[in-house]
Structure formats: structure tokens, C-alpha cells
Amino acid sequence: MAIIASNFKTNHTRKSTASFVNEVNEFLKSNDISNEVIVFPTATSFDEFETVSNLTIGAQNAYAAEKGSYTGEIGTVQLDEFGIKTILIGHSERRHVLGESQDEIAKKYDFYMSKGYKIIYCIGEPLEVKESGLDKTLEYVYEQFEGIDTNYENLILAYEPVWAIGTGVTATNDDITNVHSAIKSRIPKPLLYGGSVKVANVREICALDGVDGALIGTASWIIEDFKQIIENTKDL
Ligand code: PGA
């Protein structure tokens, strides 16, 4: 059973998110699809969605606090209002665009682990590291586990090479299986691949050894494409 996650990033409005979530929900229900589907909308689009048990709404980010004086952030009090218990941590855009350090990420991880959240924890190397070979890539990726308790039972990992995110360049099947088998031999947790996954390649990628599903940005934002992505992976 593939895990299919959609990361909206800074896309969709409150209105279009509601219609997206409802359509995905209807699609899962009426086609009796058992994939685990997770949608990460913007925090402004959270609502009390009624969903089937295999559709979950998660937070793209939140601060490591219940509440407090953290201007511009949200904490668990705001997530609780919508019953949100799933969070993305360590996404490359948080690391490289918003400048979150490994230390901050580990603190956030600890906090949300202590609250029992399902954590989708992202790791992945930039292009210059990839170009210096598999050993260097793994070394870089393992450093992103510093301070992270990988024994946590509610953990899903997502390997997302930075050079493949939002670029249209997907990692090759060999790239993916090499990194996935190495990570899995150390950390036996569900491991998603992310980085330019599309309608046309999602099935092939999710069928690779050591790939338990996909975390998808761009190609997931159009509802028809996202439904097709789920359809293409429903029997894996
Ligand atoms: P992409 O993004 O599918 O647009 O490459 C993936 C991600 O950032 O999770």
C-alpha cells in the first residue's frame, strides 16, 4: 500500500483547498482505494474536514510550542482546533530557503514526537553533494538525522534530493534505490521519495524496492492529476 502525500507549499486558497480535499475524499470513498493519502495545505486553509480514515490533513510546519509569543508562528493549540496530528519536518525549503538549522529541526522533532504527532521527516542532498558521489550523499543525509530519534514509532521518512525538488528533474531509478536501500538498512521506517514525481512516473517510482510512496509538490496541485496519481498507485 503506497503512501501518497501532497505538499501544497504556498499554493491554493482556503476555498480551493476545501474543494480539493472534498474531491480527494470522495474519490477515495467511491473507488474503495486503500492508499494512505496525506494532504499538507497552507495553515490558513485548515478546517474541520470530514474525511475517510485513509485521508489525513497535515501541517507543513508549526513551531515547537503549544502557544506563546512567537510572532508569525502557530503551535499545537492552533493545530488542535482542527484535529491536526500530522506534521512535515525538515523539508528542504525550510532548511535552505527559510534557514532552519539542524538544531532547530531536531528541537521541533522532539517536541512533536513528545506530542505523539505523525512526523514526515525529510532529508536530501543539494546538487554539489550529489555530484561528489553516493558515499558523500549518504554522509550528508545521515547528518540530517543528528538529534533525531529514528526509533519513534510514528515516523515516516521522505528522501527528497534538493536538486530534484520543483525542477522537473527526477532522480534516476538507480539514484533512488541506492539511497533508499542504504537509509532503510539503517532506519527501518516507511520511506517516501520526493522530487519531481509526476503522473507519468509515480507508479514506476513507487514500485521500486525500498520506496513506500511519494511526497509530491507541483504535480499534486491539480486535483485531476492528484487523483490520477492515486489511481496509478492504488494496487501497489
Ligand atoms: P516537487 O516538490 O514535487 O514540486 O518536486 C516535492 C516536495 O518539495 O515535496
Sequence order, the range 134-143: Karplus ³J(HN,Hα) from phi using 6.51 cos²θ - 1.76 cosθ + 1.60, θ = phi - 60°, Hz rounded, Gly and Pro as x, gives 5, 4, 5, 4, 5, 4, 4, 5, 5, 5
Counting sequence-distant residues (5 or more places) and residues on other chains, those with an amide H built under 5 Å from that of His91 are Cys122
Cβ-Cβ cut-off under 10 Å around Ile87, Lys and Arg +1, Asp and Glu -1: the net charge is +4
Summing +1 per Lys or Arg and -1 per Asp or Glu among the other residues with Cβ less than 11 Å from Leu208's Cβ gives -4
Cβ-Cβ cut-off under 15 Å around Gly99, Lys and Arg +1, Asp and Glu -1: the net charge is -1
Cross-link reach from Lys189 to lysines, straight Cα distance under 17 Å and at least 8 residues apart if same chain, gives Lys118
Using a 1.4 Å probe on heavy atoms of the protein chains only, the accessible area for His91 in Å², nearest 10, reads 10
Ratio for the chain, C-alpha Rg to 2.2 N^0.38 Å, reads 0.96
Rounded to the nearest 10 Å², the accessible area of Glu204 using a 1.4 Å probe with every protein chain kept is 110
Note to self, the chain gives a 222 nm [θ] from helices alone (DSSP H runs n ≥ 4, -39500 (n - 2.57) apiece, / all residues, nearest 500) of -10000 deg cm²/dmol
Ignoring ligands and nucleic acids, Asp235 exposes an accessible area, probe 1.4 Å, in Å² to the nearest 10, of 110
Residue separation between Asn178 and Asp47 times 0.36 nm, minus their alpha-carbon distance, gives in nm 43.2 nm
With x for Gly and Pro, the residue-by-residue ³J(HN,Hα) of the range 109-116, computed from phi through the Karplus equation 6.51 cos²θ - 1.76 cosθ + 1.60 at θ = phi - 60° and given in whole Hz, is 4, 4, 5, 6, 5, 5, 8, x
Stretched fully, the stretch from Tyr142 through Gln228 gains (0.36 nm per residue minus C-alpha distance, one decimal, in nm) 27.6 nm
Percent antiparallel among DSSP beta bridges confined to the chain, nearest 5, equals 0
Rounded to whole Å², per residue accessible area for the range 77-128 with a 1.4 Å probe reads 42
Residues whose built amide H sits under 5 Å from the amide H of Ile38, excluding neighbours closer than 5 in sequence, are Ile4, Ala5, Ser6, Thr56
For the range 194-199, Karplus-derived ³J(HN,Hα) couplings (6.51, -1.76, 1.60; θ = phi - 60°; whole Hz; x for glycine and proline) come out as x, x, 6, 6, 9, 3
Sorted by chain and then number, the residues having a modelled amide H within less than 5 Å of the amide H of Ala59, at least 5 places away or on another chain, are Thr86, Ile87, Leu88
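The values are calculated or read from the model by the stated rules, or taken from the named source; none is laboratory data. Here the structure is a predicted model, which is why all the values come from computation and not from measurement. Glycine gets a Cβ as well: all are built from the backbone with ideal geometry, and neighbour counts include every protein chain shown. Quick note on the areas: whole protein, heavy atoms, side chains included, nothing else; ligands and nucleic acids left out. Shrake-Rupley method; radii C 1.70, N 1.55, O 1.52, S 1.80 Å.
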